[in-house]
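In what follows, a structure is listed as structure tokens, so that the remarks can point back to it.
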Amino acid sequence: MRIIIIIGANGRLGAALTREYQRAFSVKAFARSQLDLGKLDQVRSTLSETEFDLLINCAALTNVDYCESNRDEAFLINAQAPRLLAEICSKKRARLIHISTDYVFDGKQNTPYIEEDPPAPLSIYAESKLAGEEEVLRVPQNNLVVRLSWVFGPDKPSFIDQIIQRARENETVTAVADKFSSPTYTIDVASWLRLAIDKNASGILHLANSGGCSWQEWAQYALDVCRNFGIPLKAERVGAVSLADMKNFVAQRPVHTVLSTARFAALTGVQPRHWREAVAEYISAHVFKK
């Protein structure tokens, strides 16, 4: 049986992958308290003594603004640690799947980004994640970098959960209307990634639910779905604010990072479902029941 290690198992994606993959594989899952990518010696000693065929790294330092003033820590966790993971996997002849981000792009392109589009990071976080991609792909092994965007799921609150909670408590809710990307449901990622593994995908792969939207559009649709299910809300409409209005943002964010999943569709024959369908399912299964 294939033995899979999942790092970052207490995160939104890591928890979903752990739960889904335990049904078919032998999974060894590490939360940050068990394996901290900021401690390279611990990572080296723990993984060197562990048998596995595939390692999925879902861990990262993802606080974009924190990274701006903590560059060394960002590069340690997001670049140096992935390089070490790739070296360990190479020695064990195991595959590495490394989770990355749409933030490696500058967002100046109005069409969906494909894997071959040149990255242009705008922040320390984005620079460190791009460096991690390069380190993982530099090792001569059949490794895969998966870029995701706007991840949501049942295992850890995300933007969509925050919006619903605010709408339950306040009559006024706002969201950014001039930043666009692709919401990505962790449950879908688990099934897509398994298909990619079976197809022995390597290099870079974009995974996201189809369609693009703004934060405001995503938020408004979530409230519309809640209302259809009879979930009581104080706010019915999501007001618009601009990215420039977000004075608490320290790091620069890319404006348009909708990801193309054409390569995944060509590889597997599967077209990711629309983000609206995924959001409706998520609310039905995990919000409506609360």
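The values are calculated or read from the model by the stated rules, or taken from the named source; none is laboratory data. Just so you know, these numbers come straight off a predicted model, no measurement behind them. Counting neighbours? That spans all protein chains shown, and the Cβs are built from the backbone with ideal geometry, glycine included. What goes into the accessible areas is simple: the full protein's heavy atoms, side chains included, and nothing from ligands, DNA or RNA. Shrake-Rupley method; radii C 1.70, N 1.55, O 1.52, S 1.80 Å.
Give the residue, chosen from 250, 258, that is open to solvent by 60 Å² or more (accessible area, probe 1.4 Å) and farther than 21 Å from residue 168 by Cα. Exactly one residue qualifies, and that residue is 250. Take the residues of region 231-247 that are in a loop (DSSP other than H, G, I, E, B) and open to solvent by 60 Å² or more (accessible area, probe 1.4 Å): which is modelled with the lowest pLDDT? Selected residue: 247. The listed residues are 77, 99, and the only one of them that is in a helix (DSSP H, G or I), open to solvent by 10 Å² or more (accessible area, probe 1.4 Å), among the aliphatic types (A, V, I, L, M) and in contact with a helix residue (DSSP H, G or I) (Cβ under 9 Å, 6 or more places away or on another chain) turns out to be 77.
Condition check ((1) without any contact (Cβ under 8 Å) to a residue 60 or more places away in the chain; (2) open to solvent by 10 Å² or more (accessible area, probe 1.4 Å); (3) assigned to a strand (DSSP E or B)) across all residues:
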position	(1), (2), (3)
23	yes, yes, no
34	yes, yes, no
41	yes, yes, no
50	yes, yes, no
72	yes, yes, no
82	yes, no, no
86	yes, no, no
89	yes, no, no
103	no, yes, no
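How many residues, within region 153-173, are open to solvent by 30 Å² or more (accessible area, probe 1.4 Å), touching a Lys or Arg at 6+ places or on another chain (Cβ under 7 Å) and either in a loop (DSSP other than H, G, I, E, B) or on the phi > 0 side of the Ramachandran plot (or both)? Selection size over region 153-173: 4.
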